[in-house]
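Visitor: The structure follows.
The values are calculated or read from the model by the stated rules, or taken from the named source; none is laboratory data. Treat the numbers as computed from the prediction; the structure is a model and nothing was measured. In this analysis, Cβ positions are derived from the backbone assuming ideal geometry, glycine residues included, and neighbour counts consider all displayed protein chains. Ligands, DNA and RNA are stripped out before the accessible areas are found, and what is left, the full protein with its side chains, is counted by its heavy atoms. Shrake-Rupley method; radii C 1.70, N 1.55, O 1.52, S 1.80 Å.
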Amino acid sequence: MTSLFVLGGARSGKSRYAQARAESLAGDLLYLATAQAFDAEMEERIARHRADRGPRWSTLDVPLDLPAAILANAAPGRVLLVDCLTLWTSNLMFAERDLDAETEALATAVTQAAGPVILVANEVGLGIVPDNALARRFRDAAGRINQAIAATADEVQFIAAGLPLRLK
């Protein structure tokens with residue numbers, strides 16, 4: 001496996017699945033975290049995620065410059081786990097970055113990575129149409145990024161109720 005994309009809804013088990021797949025591979029494990037702790041609840045979530053990973057893991061916080069971090073850290077003896085692209089998308093939007101350019105750079109980084117890369121994202125397009133323009137813009141951006149990475153990745157798994165469904 002060179003690249004794996006893991007999609008699912010909130011609390012579907014996608015991060016657990018991605019972590020288990022990463023841990024099944026030989027080599028160092030590097031978690032590329034896109035979350036930013038803007039409140040106590042998010043601080044608690046981040047701490048819980050860190051605690052769930054064992055001593056084999058290192059963590060690098062990458063709220064924005066994810067493509068560069070992938071290219072700089074990918075190596076044959078290291079597995080990268082990116083969690084998650086959905087938070088990365090919101091970070092990009094708040095920073096007013098060019099989403100199309102960032103998506104293209106991410107897809108290129110995944111294909112050029114010198115070692116295995118596992119990426120996690122929420123599938124946000126399965127619910128109702130959001131009632132405001134910002135939420136619709138976010139849903140659309142996340143969907144476009146998911147499509148680009150799914151097209152790029154060697155393997156794509158959809159997780160529902162903790163169960164994987166191979167899409168590609």
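Yes/no matrix, rows are residues, columns are (1) open to solvent by 60 Å² or more (accessible area, probe 1.4 Å); (2) at pLDDT 95 or above; (3) in a loop (DSSP other than H, G, I, E, B):
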{"site": "VAL6", "(1), (2), (3)": "no, yes, no"}
{"site": "SER12", "(1), (2), (3)": "no, no, yes"}
{"site": "GLN36", "(1), (2), (3)": "yes, no, yes"}
{"site": "GLU43", "(1), (2), (3)": "yes, no, no"}
{"site": "ILE46", "(1), (2), (3)": "no, no, no"}
{"site": "ALA51", "(1), (2), (3)": "yes, no, no"}
{"site": "GLY54", "(1), (2), (3)": "no, no, yes"}
{"site": "LEU64", "(1), (2), (3)": "no, yes, yes"}
{"site": "PRO67", "(1), (2), (3)": "no, yes, no"}
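Visitor: A further question follows. Just one of the numbered conditions (1) in contact (Cβ under 8 Å) with a residue 40 or more places away in the chain; (2) in contact with a strand residue (DSSP E or B) (Cβ under 6 Å, 6 or more places away or on another chain) is not true of ALA69; which one?
Guide: Condition (1) is where ALA69 drops out.
Visitor: Tell me the residue from THR103, THR59, THR108 that is open to solvent by 10 Å² or more (accessible area, probe 1.4 Å), more than 19 Å from GLN157 (Cβ to Cβ), of a type in the set (Val, Ile, Thr) and under 13 Å from the mean Cα position of the chain (by Cα), please.
Guide: Working: THR59 fails: under 13 Å from the mean Cα position of the chain (by Cα); THR108 fails: under 13 Å from the mean Cα position of the chain (by Cα).
Result: THR103 is the single residue among THR103, THR59, THR108 that is open to solvent by 10 Å² or more (accessible area, probe 1.4 Å), more than 19 Å from GLN157 (Cβ to Cβ), of a type in the set (Val, Ile, Thr) and under 13 Å from the mean Cα position of the chain (by Cα).
Visitor: I've got another one for you. When you look at ASN91, is it in a helix (DSSP H, G or I), closer than 19 Å to LEU32 by Cα, modelled with pLDDT of 95 or more and touching a strand residue (DSSP E or B) at 6+ places or on another chain (Cβ under 7 Å), yes or no?
Guide: Details: in a helix (DSSP H, G or I): yes; closer than 19 Å to LEU32 by Cα: yes; modelled with pLDDT of 95 or more: yes; touching a strand residue (DSSP E or B) at 6+ places or on another chain (Cβ under 7 Å): no.
The answer is no for ASN91.
Visitor: To continue, here is another question. Just checking, does the range 71-89 include any residue being open to solvent by 50 Å² or more (accessible area, probe 1.4 Å), acidic (Asp, Glu) and within 16 Å of the chain's Cα centre (by Cα)? Can you show your working first?
Guide: From the range 71-89, those open to solvent by 50 Å² or more (accessible area, probe 1.4 Å) are 71-72, 76, 78, 87; that's our starting set.
Filter again for acidic (Asp, Glu), leaving none.
Checked against the condition, which is being open to solvent by 50 Å² or more (accessible area, probe 1.4 Å), acidic (Asp, Glu) and within 16 Å of the chain's Cα centre (by Cα), the range 71-89 yields no hits at all.
Let's see how each residue does on (1) acidic (Asp, Glu); (2) crowded, with 19+ Cβ neighbours inside 10 Å:
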{"residue": "ILE128", "(1), (2)": "no, no"}
{"residue": "ARG136", "(1), (2)": "no, no"}
{"residue": "ARG139", "(1), (2)": "no, no"}
{"residue": "ILE149", "(1), (2)": "no, yes"}
{"residue": "ASP154", "(1), (2)": "yes, no"}
{"residue": "ILE159", "(1), (2)": "no, yes"}
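Visitor: Looking at the range 114-126, which of its residues are aliphatic (A, V, I, L, M), in a loop (DSSP other than H, G, I, E, B) and buried (at least 19 other Cβ atoms within 10 Å of the Cβ)? Quick ask: steps written out before the conclusion?
Guide: Going through the range 114-126, the residues aliphatic (A, V, I, L, M) turn out to be 114, 117-121, 124, 126.
Remaining after also requiring in a loop (DSSP other than H, G, I, E, B): 114, 124, 126.
Result: VAL124, single match.
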